[in-house]
1. Among Lys137, Lys105, which is the only one that is basic (Lys, Arg) and over 24 Å from Thr85 (Cβ atoms)?
2. Looking at the range 67-112 only, could you name the residues that are of a type in the set (Gly, Ala, Ser) and within 23 Å of the chain's Cα centre (by Cα)?
3. Just need a number here: residues in the range 76-131 that are surrounded by 19 or more Cβ atoms within 10 Å (Cβ to Cβ) and of a type in the set (Lys, Arg).
4. Restricting to the range 139-157, name every residue that is surrounded by 15 or more Cβ atoms within 10 Å (Cβ to Cβ), assigned to a strand (DSSP E or B), over 13 Å from the mean Cα position of the chain (by Cα) and of a type outside the set (Phe, Trp, Tyr).
5. Is it fair to say Gly63 is modelled with pLDDT of 85 or more, over 19 Å from the mean Cα position of the chain (by Cα) and in a helix (DSSP H, G or I)?
6. Output the residue which, of all residues in the range 187-215 that are loosely packed, with under 15 Cβ neighbours inside 10 Å and basic (Lys, Arg), is nearest to the chain's Cα centre (by Cα).
7. Are any residues in the range 169-185 surrounded by 15 or more Cβ atoms within 10 Å (Cβ to Cβ) and either modelled with pLDDT under 95 or not in a strand (DSSP E or B) (or both), and if so, which ones?
8. For the range 34-44, which positions are surrounded by fewer than 16 Cβ atoms within 10 Å (Cβ to Cβ) and either hydroxyl-bearing (Ser, Thr, Tyr) or not in a loop (DSSP other than H, G, I, E, B) (or both)?
Amino acid sequence: MKTAVLALALAGIAPIASDAPERQDAPPKVRVTLGRVYTEGESQAYTFEFKISAGGMAFSETGAYNFKITEILEGGHANLEWAVTEKKVTFGAETMPTDELPEPKTIRFQENGMPLELNPEEDEILSLALISGFVPKGEFELGGEFQVKWEAKDGEAKLDGEGTLVATGRLYEEHVAKLQMSLTLKDKENPPVDLELTSYVNSKTGKVVKVEGKMTAEDPDAGEVEGSFTIAKVRQK
């Protein structure tokens, strides 16, 4: 009798065990190929806004610039004509007289979206716009990290740090990759600048769609310097 009861008990357990969910494989990891791809004749307009506070003073610089790719070079490089088309500088509540705009310049850019050379002494603020287009080259997992290492050809400036491929999706009318980066910019003439960037770049070409950044530095004269900036592609209407 005990044997029969045990058999019935085991038989009653069996259906419960068979209803347990089957183990499912984890979904495949999303991988994204990134890098700056240039096309001759390509042009783009951007707006920029920088806000900086130091020594109890507030400073802002706003405006716009254009670039046009004039020549494709070996190694994934390209020559870009870079021209500031609008610029306004404000100290506190006072708007300063606008000097003549800088002359357009031709700059060689690399396959990581960075200029081959950089001279922050020419315009320290706009130099940040030039280096904010960094995009890692290679295949990366969503959520994966990457290293940022760049040095100007003349050794005058270098950028170090790390970043994360946070997400992919649509921003306005195009598909983008969202990158978050913590960087330090060093040059021979100025104190180091720490940067926190959130960058949206076109998934196929690596071209900047939008960059939002924060910066901090210690100036020997003004003390702590803090700032924020936004660079955004001008969308076609």
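1. Lys137
2. Residues satisfying the conditions are Gly75, Gly76, Ala78, Ala83.
3. Matching residues across the range 76-131 total 1.
4. Matches in the range 139-157: Ala157 only.
5. No, not satisfied.
6. Among those that are loosely packed, with under 15 Cβ neighbours inside 10 Å and basic (Lys, Arg), it is Lys214.
7. If the condition is that a residue be surrounded by 15 or more Cβ atoms within 10 Å (Cβ to Cβ) and either modelled with pLDDT under 95 or not in a strand (DSSP E or B) (or both), then Leu171, Glu174, Leu185 are the ones that fit.
8. Within the range 34-44, Thr39, Ser43, Gln44 meet the criteria.
The values are calculated or read from the model by the stated rules, or taken from the named source; none is laboratory data. In this text, all values refer to a predicted model and were calculated from it rather than measured experimentally. Cβ sites come from the backbone with ideal geometry, for glycine too, and all protein chains shown count toward neighbours.
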